[in-house]
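A.B. asks: Structure below; questions to follow.
The values are calculated or read from the model by the stated rules, or taken from the named source; none is laboratory data. Just so it is clear, the structure is predicted and the values come from calculations on it, not from any experiment. With ideal geometry, Cβ positions are generated from the backbone for all residues, glycine too; neighbour counts draw on all protein chains shown. In case anyone asks, the SASA skips ligands and DNA or RNA and just uses the protein heavy atoms, side chains included. Shrake-Rupley method; radii C 1.70, N 1.55, O 1.52, S 1.80 Å.
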Amino acid sequence: GGHSHGGGTLGAMLVADEASPEEVRGLAMLGASPMAWGRDTDLSTRRDLLVLNVLASEDEICSPKKGAVLRYGGGLVEEQFKKLPKSTRRVVIKGGNHAGFGDYGIQAYDGERTISLEDQQAQVARHLVSFLKRVRKRG
């Protein structure tokens, strides 16, 4: 998995779609949703795949807000989520923004973070560690 459109969406979803259940058991998407760029990948029928989708309340690139449109690629964010398994665990970091999933400065078109970068990243890390333990346990 990974962050945003590249690591979290395009690459990770393609790998999860093409790999066997033994090769890929989990997918973590940070500030990301499925997108229809290139090949339209739909993982909604995958019962063997654990998915963690971490979003941020102030993220204006991939907003968790109802009716939000993807900043790049278009389409309603909530419609794109239908391409993930129903068992997907979705978490929203209150006060976090898109750039806060990394540490690369200001992101164009992003919302303003209302929590510290350290707080957002600590929350993301806790969710990722918990998720990875679930994936390993499911083995």
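A.B. asks: Can R71 be described as touching a residue at least 60 places away in the same chain (Cβ under 8 Å) and among the charged types (D, E, K, R)?
C.D. replies: Details: touching a residue at least 60 places away in the same chain (Cβ under 8 Å): no; among the charged types (D, E, K, R): yes.
So R71 fails the test.
A.B. asks: Which condition number in (1) within 15 Å of the chain's Cα centre (by Cα); (2) touching a residue at least 60 places away in the same chain (Cβ under 8 Å); (3) open to solvent by 60 Å² or more (accessible area, probe 1.4 Å) is the one that Q120 fails?
C.D. replies: (3)
A.B. asks: Against the conditions (1) open to solvent by less than 40 Å² (accessible area, probe 1.4 Å); (2) of a type in the set (S, T, N, Q); (3) at pLDDT 95 or above; (4) in a helix (DSSP H, G or I), where does S130 fall short? Just the number, please.
C.D. replies: Failed condition: (1).
A.B. asks: Just a yes or no: is a residue in segment 93-109 among the acidic types (D, E), out of contact with any Leu (no Cβ under 9 Å at 6 or more places or on another chain) and either without any contact (Cβ under 8 Å) to a residue 60 or more places away in the chain or within 30 Å of E22 (Cα to Cα) (or both)? Lay out the reasoning, then the answer.
C.D. replies: Keep residues of segment 93-109 that are among the acidic types (D, E), which gives 103.
From the residues that got through so far, the ones that are out of contact with any Leu (no Cβ under 9 Å at 6 or more places or on another chain) too are none.
Checked against the condition, which is being among the acidic types (D, E), out of contact with any Leu (no Cβ under 9 Å at 6 or more places or on another chain) and either without any contact (Cβ under 8 Å) to a residue 60 or more places away in the chain or within 30 Å of E22 (Cα to Cα) (or both), segment 93-109 yields no hits at all.
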